Amino acid sequence: MANESLLPRLNRRDRFLVRVPPEHAFALAGDPMRFPEFNPLVHVPAGSGRVEHLGNVYYQLFKLGPIRVSTRWETIRVEPSRLAEDPRPSPPWTTVEVGRLPVFGTWISTTRYDAVTAGTLITHDLEYDVPRGLPGRVLDVVLMRPLLSVGFGLLGRRLRRWIEAG
């Protein structure tokens, strides 16, 4: 693949409200080992640490029929910087993870947890690369945006129900 730093970076934002306190939402959503509970298409190997630990690395194995894609994710930034301490600082909390996806390049996942009257507002930004020029625009419009819209729409609803039920 071409030099990733020269590729256009696109962004998708999803926001949803979960009707639980931030501590509860983050306890579940910040633990990669629990991701398969709301996303049955992924497997996370044992030993994967929590996302609030700077430098934490975990892998996800995406399985759909005969398709198998392994991704590596690393936490590169947390806010506040003391997010992993006990007791945890007051929200808002943000984690930033970089994912290396075969064929699809480098993705940056930023998740923010805000305390609101009704519970927790979770904002997820995903930045991803596409090739430059017309091929990249076509790839984004024909494949990436529809795939992300359906995938994140479904996963967002499942995640919200899972957190609220947990």
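Here are some notes:
- Prolate/oblate/rounded label for the chain (Cα gyration tensor, a/c 1.5): prolate
- Euclidean distance between Cα centres, region 136-166 to region 80-104, Å: 20
- Estimated [θ] at 222 nm from DSSP helical runs (n ≥ 4, -39500 (n - 2.57)) normalised by residues in the chain, nearest 500: -6500 deg cm²/dmol
- Between 0 and 90°, nearest 10: helix 145-165 axis offset from the chain longest Cα axis: 20
- Of Pro146, Pro92, Pro32, the one that fluctuates the most in a GNM where the chain has Cα springs shorter than 10 Å: Pro146
- In Hz, Karplus ³J(HN,Hα) per residue of region 114-123 (6.51, -1.76, 1.60; θ = phi - 60°; x = Gly, Pro): 10, 6, 10, 3, 7, x, 10, 9, 9, 10
- Rounded percent of accessible protein surface that carbon and sulfur make up, region 1-86, 1.4 Å probe: 54
- Couplings 3J(HN,Hα) for region 38-46, derived from phi with the Karplus relation 6.51 cos²θ - 1.76 cosθ + 1.60 (θ = phi - 60°), are 10, 10, x, 7, 10, 10, 10, x, 4 Hz, where x marks Gly and Pro.
- GNM result for the chain, Cα springs below 10 Å: residue of Ala118, Ala84, Ala29 fluctuating most strongly: Ala118
- Loop-resident trypsin sites (Lys or Arg not before Pro) (DSSP state other than H, G, I, E or B) in region 125-166 with no more than 12 further Cβ atoms inside 10 Å of their Cβ: Arg132.
- Highest-MSF residue in the chain out of Val142, Val116, Val96 [GNM, Cα springs under 10 Å]: Val142
- Overall, the chain carries a charge dipole of about 520 debye about its Cα centre when +1 sits on the Cβ of Lys and Arg and -1 on the Cβ of Asp and Glu, all other atoms neutral.
- The residues of region 1-151 present an accessible area of 55 Å² per residue when probed at 1.4 Å with all protein chains retained.
The values are calculated or read from the model by the stated rules, or taken from the named source; none is laboratory data. Note that the coordinates shown come from a computational prediction; the quantities given were computed from them, not determined experimentally. For neighbour counting, all protein chains shown are included, and Cβ atoms are generated from backbone atoms with ideal geometry for every residue, glycine included. Only protein heavy atoms, including side chains, enter the accessible area calculation; ligands, DNA and RNA are left aside. Shrake-Rupley method; radii C 1.70, N 1.55, O 1.52, S 1.80 Å.
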